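Below you'll find the structure, written out as structure tokens, and then a few comments.
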Amino acid sequence: MTIIGRLTCIILIFCAFMIVPSMAGSKFTSGSPELSAYISGTNEFNPGDDVQLSVVIENTGLNEFEYSQPGIINRDDLPNTAKFLTVTLLPGDAPIVIKSDPQMLGDLDGGSSVNAVFTTKINSDAAGGTYLVPIMLNYTYLYTANQYGVDLLQYEYQTQNITLNIPVKIKSVVSIDVLSAVPEDLNVGTEGYIDMQIKNTGSENGTKSIVKILQNGNSPILPTDSSVYIGDFPAGSTAACRYKVSVSGDAQKQTYPVDVVVVYQNEEGDFVTSRSDTVGIPVGGKADFTVISPAAEMNPGNKQVITIEYKNTGDTPVYSAQVRIDTVDPFTSNDDIAYIGDLAPGESRTVSYVMSVDRTATIKEYGLDSQILYKDALDNAYTSDTVQVKVDVTEPAGINAILTNPFYLLTVVAVIIVIIYLVFQYRKKNK
């Protein structure tokens, strides 16, 4: 190909490129984000509920007018996109506690939605009704974009702060508060009573109501009579209830929990159970006894009356108490039960036993077991732990030493016989 031909081809190719139109760009002359919010799922809750509140944020903003022609540079952002969206849930006047911080959700395009989950707590004393909970939305959007020449765009953004209200419905319920719980004759290992004053702090008027006490976990307080029928239980009213309970014998002197609930009929005619309230019940120590008298003294071969003084060192009075002593070798007794009667805490009483000790008994201190049989204030019978009675077997002294020693007795008898014989011989000679 000649030089002229080559130049002609180059010129034709250049002209072809010159007549091909450049690609067209687009811009939007109107449009902005339109945000709304609502709760996903139910929006009805009970007082005291812990709620993972799922809020849906929806962007229904449209770009209404699009202008397209060659030479326009396409925009990176659309005016109906909510950029850097941050959502903050506030309690407002609603009886709820918001435990979650504001949430950053990123960019939300027009025609799309996103979920924000907030950890919340409904107040346990919340009144029933519908509340408007504010939700704040903070975002940035493309307000306008100015093009300079064929290769320069200047973006102008605006920030919006809007507050929307979402409805939250709180059910009317019976909510209880135990105002007082007073124990009566309640001690470790016994039965007693608890007198309670219970208030309906909710906004529901309960009917056919039953107040129940329940064992709390492994608490040693066990209800014997667990239910009290109170009938109508209007909001704001109080009810007096009395319960019979028992306390485990392995409990300690301290305060233990008891749970209280109300089963009632609501306005819809359904029987429901209130949230429980936990109250502490002080429990006294168990009945306990000790011997405060010194050790009784006996000599081998003796039969005598010994006296023992018992003291109630527990926290509860006992009634119709009797004490039984267990005699073991070398002791015997035909009278091993003694009557104590009623014994208040800190009070003591002396009892007597007729007891014999074998002549061959070892000289030492012995411990004899005794137990107190008693009744509590509710006429329940109990047996105490073993209480040890000390008996000191000692060598006889004085006249007792002579009377209880066979050698001494034989010597005395022999001396008496000799004296009698001498007296007899003396009188015979003098006749």
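The values are calculated or read from the model by the stated rules, or taken from the named source; none is laboratory data. This is a predicted model, so every value here is computed, not measured. Glycine gets a Cβ as well: all are built from the backbone with ideal geometry, and neighbour counts include every protein chain shown.
Summary table
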{"read-out": "Residue count, region 178-204 (criterion: crowded, with 19+ Cβ neighbours inside 10 Å and either out of contact with any strand residue (DSSP E or B) (no Cβ under 7 Å at 6 or more places or on another chain) or acidic (D, E) (or both))", "value": "3"}
{"read-out": "Members of region 271-306 found to be within 17 Å of the chain's Cα centre (by Cα) and not in a loop (DSSP other than H, G, I, E, B), listed by number", "value": "D277, T278, V279, G280, I281, P282"}
{"read-out": "Residues that are surrounded by fewer than 18 Cβ atoms within 10 Å (Cβ to Cβ), hydrophobic (A, V, I, L, M, F, W, C) and within 20 Å of the chain's Cα centre (by Cα), drawn from region 164-177", "value": "none"}
{"read-out": "Residue check for D185: in contact (Cβ under 8 Å) with a residue 60 or more places away in the chain and either outside the structural domain of N266 (by TED's automatic domain parsing) or not aliphatic (A, V, I, L, M) (or both)", "value": "yes"}
{"read-out": "Flag for T278 being in contact with a strand residue (DSSP E or B) (Cβ under 8 Å, 6 or more places away or on another chain) and closer than 30 Å to D232 by Cα", "value": "yes"}
{"read-out": "Test: residue in region 111-127 that is closer than 18 Å to A37 by Cα and outside any strand (DSSP E or B)", "value": "yes"}
{"read-out": "Among the candidates I213, I230, residue that is over 30 Å from T332 (Cα atoms) and under 25 Å from the mean Cα position of the chain (by Cα)", "value": "I213"}
{"read-out": "Filtered residue count, region 280-301, keeping only those that are of a type in the set (S, T, N, Q) and surrounded by fewer than 18 Cβ atoms within 10 Å (Cβ to Cβ)", "value": "2"}
{"read-out": "Extreme residue, farthest from the chain's Cα centre (by Cα), among residues of region 79-97 that are crowded, with 18+ Cβ neighbours inside 10 Å and over 18 Å from T42 (Cα atoms)", "value": "P79"}
{"read-out": "Unique residue being touching an Asp or Glu at 6+ places or on another chain (Cβ under 9 Å), within 28 Å of G31 (Cα to Cα), touching a residue at least 12 places away in the same chain (Cβ under 8 Å) and surrounded by 14 or more Cβ atoms within 10 Å (Cβ to Cβ) when the list is L108, L137", "value": "L108"}
{"read-out": "Residue check, D277 out of contact with any Gly (no Cβ under 6 Å at 6 or more places or on another chain), of a type in the set (D, E) and loosely packed, with under 14 Cβ neighbours inside 10 Å", "value": "no"}
{"read-out": "Residues of region 326-370 classified as of a type outside the set (A, V, I, L, M), surrounded by fewer than 16 Cβ atoms within 10 Å (Cβ to Cβ) and modelled with pLDDT of 90 or more, total", "value": "18"}
{"read-out": "Some residue of region 236-245 being over 25 Å from the mean Cα position of the chain (by Cα) and touching a residue at least 40 places away in the same chain (Cβ under 8 Å)", "value": "no"}
{"read-out": "Unmet requirement for G236, which otherwise passes all of (1) assigned to a strand (DSSP E or B); (2) of a type in the set (G, A, S); (3) over 29 Å from T386 (Cβ atoms)", "value": "(1)"}
{"read-out": "Filter pass, V291 being out of contact with any Leu (no Cβ under 8 Å at 6 or more places or on another chain) and over 19 Å from T327 (Cα atoms)", "value": "no"}
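Yes or no, residue by residue, for (1) at pLDDT 60 or above; (2) part of a strand (DSSP E or B); (3) outside the structural domain of T140 (by TED's automatic domain parsing); (4) surrounded by fewer than 17 Cβ atoms within 10 Å (Cβ to Cβ):
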| position | (1), (2), (3), (4) |
| --- | --- |
| I10 | no, no, yes, yes |
| F14 | no, no, yes, yes |
| F17 | no, no, yes, yes |
| G61 | yes, no, no, no |
| I73 | no, no, no, yes |
